[in-house]
Amino acid sequence: MNDFNALFTGQPGAAPAAAPTRYRLLLVDAELGVTKALTRVFRQENYTVVVAANAEDGLARLAEATTHLVISDYMMPGMNGAQFLRAVKERSPDTIRIMLTGHADTGAVMGAINDGAVYKFILKPWNDDDLRVTVALALEQFDLVQKNRALKKENEQKAKEISALARLTITNRSQLGIMLHKKNLLSSAQLQELVRLQEQKKEPLIKLLLDKDWVPERKIRDILKKDLLIEEVQLAEFRPDAALADLVPHAFCERQLVVPLRLDGRKLTLAMADPLDAGLIDDVRFTSGLALNVVMAEASAIRAKIVELYGEGEVDFKELETLVATADPYEGIEIVIEDDDVASLEDLLQGTEEPPAIRLANAIIIEAIRLGASDIHIQPRTKSVVVRYRIDGVLSDKINIPHQMHQSLVSRLKIMAELDISERRRPQDGRITVKTPLRIVDLRVSTLPTINGEKIVMRILDRNSAVLDLAALGFAAIDLPKIADMVAKPQGIILATGPTGSGKTTTLYSLLQHEATPEKNYVTIEDPVEYYLDMAGQVLVREKIGLTFPLILRSILRQDPDVVLLGEIRDFETAEVAFHAALTGHQVFSTLHTNSAVATIARLFDLGLKPYVVATALEGIIAQRLVRRICPACRQEVAVDEKLRHRLGTAFASDELRTFKGAGCPKCNGSGYSHRVGVYEVLTPNDDLRDHIGRGASVLDISRMARTGGMRLLAEDAVVKVTAGETTLEEVLRVLGPQPDSA
């Protein structure tokens, strides 16, 4: 696995790792056999195991050195386990305490748990693996407590510095005093006095002005509304989300008389007592990384709303540590591209003082793009969080990160995708657009709550990927003329079918660009847009606002299109509009999720289309899969594996079959594979086949007629690819699965 420590800790990669902590475990049980069994459980771990026969002996051993974790039996002579662990808590509050028992006074045990004397209660007989995991997690909690305590102490030491820094943020850039002076509401002496007090006390001008009571606040609001058209809001009408409290620190709001009200995308609505303080607006825009919609409200209403949002209590500037010491999930979201001025991920990676979650999220995305991954999986497991990349269709573990960083990483990615960070119980979907020095890529983000935490999967879509010509896709020479003929038809529908990730959209774009001319009007409807073509009008589906496939398709048919690319046929409504468009003189390309070309026809019937409509409009079906291509740099011929040949059916029974394999080299990172190639099944209906389809024939009859017309199955095309040295038998079995004995 790659070492990404330097990317989010700021430490050089070559620096030697710190020596791991050697934890001290104290095992207390009156039975010698139990303590020996427990010792065996932790034999392979890096623990110092100390044993005691009773509670008194255990307390003595506890005093000898720092003890990280205690496992105690309940039934012991003299002091029982609950009493012993209470004594441990009093003497060493940080020590993790686990009670192990086979029979006990339930009331006493639950009392110990409720008192906080017991971290966990485990029954005999225990499971060794479960006990090891429990102890490992408990020790991780011990470390977290110590780190949090150290951070708290450090923050307390820097509180005065932070407070002093906060006072420096008071600016003299408010134009409110000058405006009131021009309106003859403030005299020159009063204005000079306000400026002097502001420099002396480091207080906002609006506060000083209200304290002096030289101008009624209502008068100020009326002037700002009438002359400058600044919107005034009634704060009682707003119910701010608690997540907004992380955007602007409590102490900052209290001192400056501002409060965040609403977050719409990347725009934050901010209520201010002094909306003319340009310096303050710049500070909030900088610290939050968001565009601002500034409104004004009365100072008393702002103070009341601050209490509602942040709660009551003494306010100090320790909260400003969130700006310098924690992983603020709202910071730096400018990598979401909505404007022309966008910071690149490479630049963000250079900022070693950025919060760790931000640098880690950027590192994960950068590495996935570098490796050519199609998907990123961030999967929480029992002991750690694993980042997995799908490269050439195969998942592999790449990065292990500690559990304590999981939630901040998830929050960071949610903010980038404009998802609700407070919702952790339901799945969510979103999108991220990021820019690297060479490419712009779109990420489709999906979250899923699991028992170990939220799992995130991101599909990577490269906007600037080159659209391959038909020959480069791997079509056989016998199929290329059929495909060229179906694409040359001025009307009809052509379908690419296969499971998710089988390259259907790539095939459709290659068909779309084949012999494309400026004389035709090309329109695409996709969710999301996977390739960007200047020659086509591309429409993005947005179901949240009602912009669905059928609605867009009906609309673009009034845009005089010649060729329509429809991302996917999902339901009867979409299928009906698409097929009728094909019948009325348009050429339509689309996809379906089916296992074979013939199964696509059955699927269209199942959606509710009339057989005669399918028979008339259908011009071709391309069923496909993607198999990994053997690395040409290390390819070598190997003997045929008879077991694999048998599992792949009679299509591979030919004596002329030759097989190859990649030995593994630096160019393919030792995998033996490099990139992928398609395996295809091309169906072009002739008159007899159209007649069968129009009469609603069975799948078996249609399959026989298609085979008679020269259609080759996926397995037969795979044989050609294997014999040509493009892929392996193992890869065909992985993608197609075992095949029947007869074709």
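The values are calculated or read from the model by the stated rules, or taken from the named source; none is laboratory data. Just so it is clear, the model here is predicted, and its values are computed rather than measured. When we count neighbours, we look across all protein chains shown, and the Cβ atoms used for this are built from the backbone with ideal geometry, even at glycine. For accessibility, only protein heavy atoms count, side chains too; no ligands or nucleic acids. Shrake-Rupley method; radii C 1.70, N 1.55, O 1.52, S 1.80 Å.
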With the other protein chains left in place, how much accessible area per residue, in square angstrom, belongs to the range 577-662 at a 1.4 angstrom probe? 44
When the Karplus curve 6.51 cos²θ - 1.76 cosθ + 1.60 is applied with θ = phi - 60°, which whole-Hz ³J(HN,Hα) does each residue of the range 23-31 get, with x for Gly and Pro? 7, 10, 10, 10, 9, 10, 7, 6, 8
Within 10 Å, count the other beta carbons around each residue, average over each peptide in 382-395, 406-419, 597-610, and list them highest first. 406-419, 597-610, 382-395
Which value in nm describes the separation of the simple spin-label points at LYS36 and ARG370, placed 7 Å from the Cα toward the beta carbon? 5.3
Under a Cβ-only charge scheme (Lys and Arg +1, Asp and Glu -1), can you give me the dipole magnitude of the range 603-732 about the Cα centre, in debye to the nearest 20? 420
Provide the solvent-accessible area of GLU573, counting protein heavy atoms only and rolling a 1.4 Å probe, rounded to the nearest 10 Å². 80
Counting only C-alpha contacts under 8 Å and six or more residues apart, can you give the relative contact order of the range 618-743 as a whole percent? 40
ASN127 to ARG426: extension gain in nm, 0.36 nm per residue of separation minus the Cα-Cα distance? 104.4 nm
Label point 7 Å beyond Cα of ASP606 along Cβ direction - residues of the range 482-509 with amide nitrogen under 19 Å: 495-502
Once you compute Rg and the Kirkwood Rh from C-alpha atoms, what is the Rg to Rh ratio for the range 631-743? 1.09
The extension gain from LEU480 to GLU519, computed as 0.36 nm times the residue separation minus the Cα-Cα distance, is 11.6 nm
With charges only on Cβ, +1 for K and R and -1 for D and E, what is the dipole size of the range 666-743 about its Cα centre, in debye, rounded to 20? 200
Residue-ordered couplings for the range 52-60, obtained by feeding phi - 60° into the Karplus form 6.51 cos²θ - 1.76 cosθ + 1.60 and rounding to whole Hz (Gly and Pro as x), are 9, 8, 7, 5, 4, 5, x, 5, 5
With labels modelled as points extended 7 Å from the Cα through the Cβ direction, what inter-label distance (nm, one decimal) is found for ALA278 paired with ARG91? 6.8
Simple Cβ-charge dipole of the range 584-650, Lys/Arg +1 and Asp/Glu -1, about Cα centre, in debye nearest 20: 220
To make sure I understand the rule: partners must be lysines, Cα under 29 Å from the Cα of LYS667, and not fewer than 8 residues away in the same chain. Which ones qualify? LYS398, LYS435, LYS504, LYS721
The extension gain from SER187 to ALA299, computed as 0.36 nm times the residue separation minus the Cα-Cα distance, is 38.0 nm
Straight distance only, please: which lysines reach the Cα of LYS124 with their own Cα at less than 19 Å, same-chain residues fewer than 8 apart left out? LYS36
Compare the peptides 497-503, 649-655 by average per-residue count of other Cβ atoms within 10 angstrom and give them in order, highest first. 497-503, 649-655
Averaged per residue, what accessible area in Å² does the range 442-544 show with a 1.4 Å probe, protein chains only? 45
Sorted by chain and then number, the residues having a modelled amide H within less than 5 Å of the amide H of ARG24, at least 5 places away or on another chain, are THR48, HIS68, LEU69
Which value, in Å² rounded to 10, gives the accessible area of TYR532 with a 1.4 Å probe and all protein chains present? 100
